[in-house]
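What follows draws every value from the coordinates through simple rules; no lab data is involved. Because the structure is a prediction, the values reported are computed rather than measured. In this analysis, Cβ positions are derived from the backbone assuming ideal geometry, glycine residues included, and neighbour counts consider all displayed protein chains.
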């Protein structure tokens with residue numbers, strides 16, 4: 001059973017990474033771009049936002065302690081990195097836009 005789970009995880013990871021190749025980067029979003037974005041990347045971004053929010057809540061005391069010495073911005077950087085950037089990527093970019101993921105040099 002464990003071996004089957006590992007094989008399934010490897011198959012799913014290879015499929016998800018190969019899906020990125022479908023995204024066009026010329027500014028024109030086709031049907032494949034929109035479908036891949038809506039069915040795969042947006043749910044992954046929402047899960048990442050939730051996990052980042054939970055991580056931020058758990059790490060808040062440590063970030064508060066890290067904010068004591070200058071430059072006093074550990075809480076701000078932590079919230080931007082763990083919550084705001086994933087939320088912005090998930091909810092504020094146009095549907096089908098893969099350039100926002102950093103793949104504009106393909």
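Round to the nearest 0.05 the FRET efficiency obtained for residue 72 and residue 4 when R0 = 41 Å and r is the Cβ-Cβ distance.
0.25
Would you mind checking region 39-62 for residues with the amide N under 19 Å from a putative spin-label position 7 Å along Cα→C-beta of residue 85?
The answer is 41-60, whose backbone nitrogens lie closer than 19 Å to the label point.
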